[in-house]
Amino acid sequence: MLSEFQETLLQSVQAFQSTELVKNKYENVLQHLDSGILLFDSEGVLTFINVQMAKLLELPRQSLIGCNLLQLLRHPYLSRFKQKKIVRIYRETIFHRRKYHELIDEYGRHWLITVTYGDQMDGDFLLSVKDVSDYKQIEQTAYQNDKLAMLGKISAAIAHEIRNPLTAIRGFIQLLRPHLLQLGKDEYARIILMEIDRANDIIHEFLNSSKPSAPQKTVVCVSSLLKDTLLLTESEALMMGCEMRLHHISEELFVSIDVKQIKQVILNIIKNAMDAIEEVEGDHAGMIEIGAKQEGNYVNISIKDNGNGMDKTLLTRLFDPFFTTKEKGTGLGLSVSYKIIKNHGGTISVDSMKGEGTVFMVSLPLSGRFKTEL
């Protein structure tokens, strides 16, 4: 009888230990997920928080276990920004019963919040937070490529419709030119032909801007490229009271590029930086800093200004064709720059905050014979 009891007790202990091992295993998995996880019980008390979520909140895990939502919001080390975001998440997911919500944090990262509750959770509320910035970037890139493709089609159609009547007008003017010459009005014909040619040149430039030609690449030194480009802007910057500063760059960084096209990109970004600095009111010392450094098999060229900066809404539309905040702008400069860099196998990105300036980052592949072995 005693032996049977001992055997049953031993089996119970072993089952308990096995359950604890499984529990610890799954808890360890949850702790090290790349998504942040919070678990509230039916009373609204926080019973579990993983390492990633504690990092996102920038709070120690142990100080949060056992807190309800109100206590979490009143945590002395929780930032004001995060307090507002938590209240917004609660309003959207719990109050309005929406299981999915997206937000952008103070660092510009995109997060997807998912809330799971109901019978399958036994009254508990599971909240997960995942960084979807990379997915958003891919989505934005695909969207941008679609818009540029559409712009190319529209441009080609417009050019075709305008060039046909211009060609006909030019032909008839040339037929009439001998008669105008007899009347002493040849100057009129010359002016008309000159203006038709100018209109054709404008159409040609517009087509090239909406669909840049394939790059004619040569291997150049990045340091020399930036020095030459800065020489083209120094005088204008000086007249605007804006200082141009080129940081030291290794002479060993080489890229295979279409020099004319890449200069066009850098000049366009610098011009935008000057305009942003000019928008700042009061006595403001403008500064544009340019540098480059190697990152793996790429060279990152940074162009930083202390101008007016941009909010997140403006940033999302910055590379859109025809989008501009300038009275006399065409809205093609940055969309063309985006296409040029893409044709070179690189990327172009921007980081900015209203009132705190802007940083453009142009990433280009290093020339094959100068690549670093990873």
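A compact table of results
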| read-out | value |
| --- | --- |
| Qualifying residue in region 241-261 (condition: open to solvent by 80 Å² or more (accessible area, probe 1.4 Å), under 23 Å from GLY355 (Cα atoms) and at pLDDT 85 or above) | yes |
| Close pairs from region 155-184: first in contact (Cβ under 8 Å) with a residue 40 or more places away in the chain, partner of a type in the set (D, E, K, R) and open to solvent by 70 Å² or more (accessible area, probe 1.4 Å), Cβ under 9 Å, at least 6 apart | SER155/LYS211; ALA156/LYS211 |
| Test: residue in region 323-341 that is modelled with pLDDT under 85, touching an Asp or Glu at 6+ places or on another chain (Cβ under 8 Å) and open to solvent by 30 Å² or more (accessible area, probe 1.4 Å) | yes |
| Residue that is surrounded by the most Cβ atoms within 10 Å (Cβ to Cβ), among those in region 214-235 that are of a type in the set (Gly, Ala, Ser) and over 27 Å from the mean Cα position of the chain (by Cα) | SER224 |
| Any hit, region 108-126, residues being modelled with pLDDT under 75 and under 25 Å from THR316 (Cα atoms) | yes |
| Among residues of region 75-102, those that are free of Cβ contacts under 8 Å to residues at least 24 places away in the same chain, out of contact with any helix residue (DSSP H, G or I) (no Cβ under 9 Å at 6 or more places or on another chain) and open to solvent by 70 Å² or more (accessible area, probe 1.4 Å), counted | 8 |
| Residue satisfying all of: in region 54-74; touching a helix residue (DSSP H, G or I) at 6+ places or on another chain (Cβ under 8 Å) and open to solvent by less than 90 Å² (accessible area, probe 1.4 Å); nearest to LEU126 (Cα to Cα) among these | LEU69 |
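The values are calculated or read from the model by the stated rules, or taken from the named source; none is laboratory data. These numbers come from a predicted model, not from an experiment. Backbone-built Cβ (ideal geometry, glycine too); neighbour counts: all protein chains shown. Note: areas computed on protein heavy atoms with side chains; ligands, DNA, RNA excluded. Shrake-Rupley method; radii C 1.70, N 1.55, O 1.52, S 1.80 Å.
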